[in-house]
Amino acid sequence: MSDGGGAAEVGPAGGDMALSLSVTTALAHGRPLAAAVARMLADLAPGADRDAVETALQEAVANAVIHGNLGLSSMEVGTAAAMQRYAEALAGRLADPALAGRRVTVDARLAGKVLRLEVVDEGAGYDAVEPRPDQPFGRGLGLVSRFASRCEVRDGGRRLCMEFDL
Amino acid sequence: MDYRITQGPGLTEAALSGRLTFNDYEKMRLLMRDLGAAPARHVTLRLDGLEFVDSSGIGMLLIVKEEVEQKDKTLDVRGATGQVLRVLTVADLGKVLDLRP
């Protein structure tokens, strides 16, 4: 796939599978990337829990786009006014070609009974902070840890590694 | 995400459909505007038509609750199924939202 700022490689259909997909931040924000990858993986790794894979992958992509490549922290205040300011900040950063052009890469590998996904961004990295109970946002990594069999944040926050037991 | 609002005696119902994710802030802002302007004291969010939600979507649902209650209205959330119900359950949203079948 090269249209819209993406590139993909698919490995051999038999035995282990390796898939690497690289898209721009603009595309990853505007299109359902996690859904598309999960749909492909459902065919290539039929033993995987598709909802779990898609949910965890969606959170990883969202982190890569918003916190990674666009450099925005989670919204701390839960009001409509704060949400509007956040949406405006998000739109402003997406309008910057330097930020919108940063890549989000999804690597998927199937080895035996384990599906391994890695999502990598080109941002400055971030420290994951547990949200306060009254904060409406910031639950993404918590969801990843609940839906993936194992997960790990690497490279200062730029790489999220997830494994799913099939 | 798309939504459709219907008004009944004492009730405003908003039916959400599609996917509720991190690129839906503007749509949810419009939904909150419309719910705030509705005359009924009780609001129901129907999620039967929602096929997917992420953590940003959860946050937006919590803001809807906050904004509705700020206007002295009550809110319940009905009809979540599949991945949506699973995520709301894992995220313990039943402790914060009035989730109904």
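The values are calculated or read from the model by the stated rules, or taken from the named source; none is laboratory data. Remember, it's a predicted structure, so these values are computed and weren't measured experimentally. We place every Cβ from the backbone using ideal geometry, glycine too, and count neighbours over all the protein chains shown.
Checking the structure you have, find out if any residue of the stretch B:58-67 is of a type outside the set (A, V, I, L, M), closer than 30 Å to residue A:89 by Cβ and either more than 8 Å from every other protein chain (Cβ to nearest Cβ) or over 12 Å from the mean Cα position of the chain (by Cα) (or both).
Yes, that holds for at least one residue.
Look at residue A:74 and say whether it is among the small types (Gly, Ala, Ser), under 21 Å from residue B:27 (Cα atoms) and either assigned to a loop (DSSP other than H, G, I, E, B) or away from every other protein chain (no Cβ under 12 Å) (or both).
Judged against the criteria, residue A:74 is a match.
I want to confirm something. Restricting to the stretch A:77-90 and keeping residues that are more than 9 Å from chain B (Cβ to nearest Cβ) and among the aliphatic types (A, V, I, L, M), which single residue is nearest to residue A:150 (Cα to Cα)?
The qualifying residue nearest to residue A:150 (Cα to Cα) is A:77.
Output the number of residues of the stretch A:58-71 satisfying the condition of being part of a helix (DSSP H, G or I) and more than 10 Å from chain B (Cβ to nearest Cβ).
5
Restricting attention to the stretch B:1-14, and to residues there that are among the hydrophobic types (A, V, I, L, M, F, W, C) and either out of contact with any Leu (no Cβ under 8 Å at 6 or more places or on another chain) or farther than 29 Å from residue A:26 by Cα (or both), which single residue is farthest from the other protein chains (Cβ to nearest Cβ)?
B:11
So which residues in the stretch A:62-80 are surrounded by fewer than 21 Cβ atoms within 10 Å (Cβ to Cβ) and at pLDDT 90 or above?
Passing the criteria: A:71, A:72.
Can you name the residue in the stretch A:32-55 that is more than 9 Å from chain B (Cβ to nearest Cβ) and β-branched (Val, Ile, Thr) and, of all such residues, is nearest to residue B:84 (Cα to Cα)?
It comes out as A:53.
Return the pairs, sorted by first residue and then second, in which the second residue is assigned to a helix (DSSP H, G or I) and of a type in the set (Gly, Ala, Ser), the first residue lies in the stretch B:71-89 and is farther than 13 Å from residue A:55 by Cα, the beta carbons are less than 7 Å apart, and the residues are 6+ apart or on different chains.
B:71/B:36
Suppose the filter is of a type in the set (Lys, Arg), within 19 Å of the chain's Cα centre (by Cα), crowded, with 19+ Cβ neighbours inside 10 Å and at pLDDT 95 or above; does residue A:102 pass it?
Spelling it out, residue A:102 is indeed of a type in the set (Lys, Arg), within 19 Å of the chain's Cα centre (by Cα), crowded, with 19+ Cβ neighbours inside 10 Å and at pLDDT 95 or above.
Which residue, of A:94, A:110, is of a type in the set (A, V, I, L, M, F, W, C), farther than 29 Å from residue B:68 by Cα and buried (at least 21 other Cβ atoms within 10 Å of the Cβ)?
Criteria check complete, one pass: A:110.
Report, ordered by the first and then the second residue, all pairs with beta carbons closer than 9 Å, sequence separation of six or more or different chains, a first member in the stretch A:96-119 that is over 28 Å from residue A:42 (Cα atoms), and a second member that is at pLDDT 95 or above and in a strand (DSSP E or B).
Going by the 9 Å Cβ cut-off, the qualifying pairs are A:100/A:24; A:101/A:24.
So, in the stretch A:127-157, of the ones that are among the small types (Gly, Ala, Ser) and at the interface with chain B (Cβ under 8 Å from one of its Cβ atoms), which residue ends up farthest from residue A:57 (Cα to Cα)?
Here the answer is A:138.
Name the residue that is farthest from residue B:76 (Cα to Cα), counting only residues in the stretch B:37-48 that are within 13 Å of the chain's Cα centre (by Cα) and not aliphatic (A, V, I, L, M).
B:48
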